[in-house]
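The structure appears below as structure tokens.
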Amino acid sequence: MEKVVTEQYLRSVFNGKRVFLTGHTGFKGAWLLQMLHRLGAVVKGYSLAPEKDHDLYHQVNGDKLCYSSVIGDICDKQKLQSELVRFEPHFVFHLAAQALVRRGYELPSYTFMVNAQGTAHVLDALHAYREPCIAVMITTDKVYDNPERGIPFKEDDKLGGYDPYSASKASAEIVIESYRRSFFNPGDYSRHNKSIAAARAGNVIGGGDFSDDRIIPDIVRALAVGQPVGLRNPASVRPWQHVIEPLGAYLLLAARMTENPMDFCTAYNFGPDPADMLSVEALTHIFLESFGTGSFQSDKQINAPHEANLLLLDSAKAFEHLGWKPQLDARQAIEWTAKWYADKHRPAHEKCENQINTYWK
């Protein structure tokens with residue numbers, strides 16, 4: 001692997017810095033918390049409590065990785081603002097979200113409230129905070145209006161969303177851009193001292209994900225009870241990426257923003273090479289092969305909620321502006337994930353640490 005995001009460079013940026021991390025108890029949040037802790041950052045987390053007792057945050061003892069872990073709702077504007085401003089962060093990473101497509105169908109208004117209004121609450125808190133700060137707002141690859149033509153999306157393509165989750169994240173992008181223009185305009189940086197970027201990534205896999213209605217956790221749950229894996233959409237194609245890839249990209253983006261806060265306050269795609277994509281069925285086959293056991297079967301549901309069959313990102317802007325490109329291909333990402341779950345002897349924090357070390361080594 002050619003190294004793009006180096007630990008030495010990131011440590012020089014984050015060591016001793018205060019980082020306010022929303023969504024720190026989630027799957028991606030728990031991985032990012034470990035990476036920030038390794039880099040020497042002082043992290044204050046703000047999030048709902050983990051949904052399951054065996055979530056990754058609990059497994060890696062996330063409370064000990066935080067300077068402070070605040071259990072709070074992103075929709076509680078006053079509490080969020082108070083916790084952020086009082087901490088006086090150098091960096092903000094906003095990951096808190098309702099992140100599941102199917103749950104978006106079940107709870108549409110709540111999904112919009114969390115993903116769009118919650119993002120506005122974070123930006124309001126930044127507006128109230130008077131010290132310099134760099135903020136990376138995490139959305140998703142699903143923010144684009146997707147006719148499924150097989151053409152990778154660029155950052156200036158039309159935003160949209162068929163389902164409530166996708167539309168709520170597109171709404172969050174509009175909120176971010178509005179605040180950037182209205183309150184954090186790069187041309188007026190010397191007055192507000194805030195640099196705000198948006199990061200779009202998706203199809204993230206990795207060890208420690210136990211969410212509902214996601215392919216890897218579905219596989220792991222089926223294996224745990226000795227049942228065949230039921231695939232709802234076996235032919236759906238995705239450019240799968242290991243969770244460390246976008247998290248490293250978020251850190252790199254924030255680091256570059258310290259060098260020139262006015263040049264990088266925009267939106268960036270972070271995805272694999274569009275040619276490096278696999279179907280859900282192919283992913284499952286590779287996972288089971290790496291795991292060492294298991295079988296699968298098609299379990300396509302009649303009248304199931306709509307989910308896109310094809311979604312690709314063009315990450316050329318991230319390469320040109322940041323020097324970022326993926327280091328693991330889809331097969332490696334799947335194999336790393338399978339080996340994490342298959343290793344029953346080492347604790348979760350050690351498995352994560354070893355994979356982060358391999359990635360940055």
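Bear in mind these aren't lab numbers, they're just calculated from the coordinates by the rules spelled out. Keep in mind that this is a model prediction, so the values were computed, not measured. When we count neighbours, we look across all protein chains shown, and the Cβ atoms used for this are built from the backbone with ideal geometry, even at glycine.
Which pairs, out of K169/K317; K317/K344; K17/K158; K142/K344; K44/K325; K158/K361, put more than 32 Å between their alpha-carbon atoms?
K317/K344; K17/K158; K142/K344; K158/K361
Using a 10 angstrom cutoff on alpha carbons, build the Gaussian network for the chain and name the most mobile of Q59, Q81, Q98.
Highest fluctuation of the listed residues: Q59.
Using only the alpha-carbon atoms, how far is helix 330-342 inclined from the longest principal axis of the chain? Give it as 0 to 90 degrees, nearest 10.
It works out to around 80 degrees.
Sort 321-328, 102-109 for me by packing, meaning the mean count of neighbouring Cβ atoms within 10 Å per residue, highest on top.
Top to bottom by mean Cβ count within 10 Å: 321-328, 102-109.
Which loop GluC sites (Glu not before Pro) in segment 1-73, with loop taken from DSSP, have no more than 13 other Cβ atoms within 10 angstrom of their Cβ?
Passing sites in segment 1-73 are E2, E51.
Provide the FRET efficiency to the nearest 0.05 for the D299-N15 pair, computing r from the beta carbons and using R0 = 41 Å.
0.30
Which chymotrypsin sites (Phe, Trp or Tyr not before Pro) does segment 41-97 hold that lie in a coil by DSSP with at most 15 other beta carbons within 10 Å?
Y67
Principal axes first, then extents: for the Cα atoms of segment 214-273, list largest minus smallest coordinate on each axis, whole Å, largest first.
Its Cα atoms span 53, 23, 15 Å along the three principal axes.
For semi-axes √(5λ) of the Cα gyration tensor in Å, the listed values are (1) 41, 20, 18; (2) 31, 23, 20; (3) 34, 22, 20; which was obtained by calculation from the structure presented?
So the calculated entry is the one marked (2).
Which one of Q227, N203, S190 is farthest out on the positive end of the charge dipole of segment 190-231, using unit charges on Cβ (Lys, Arg +1; Asp, Glu -1) and the Cα centre as origin?
Going by the Cα projections, it comes out as S190.
Residues with beta-carbon under 14 Å from that of H58, excluding H58: net charge, scoring Lys, Arg +1 and Asp, Glu -1?
Taking every Cβ under 14 Å from that of H58, the sum is -3.
Write out the GluC sites (Glu not before Pro) in segment 130-209 meeting two conditions: DSSP loop, and at most 12 other Cβ atoms within 10 Å of their Cβ.
Answer in residue order: E148.
One quarter of the convex hull surface, Cα atoms only: what value does that give for segment 241-283 in nm²?
3.7 nm²
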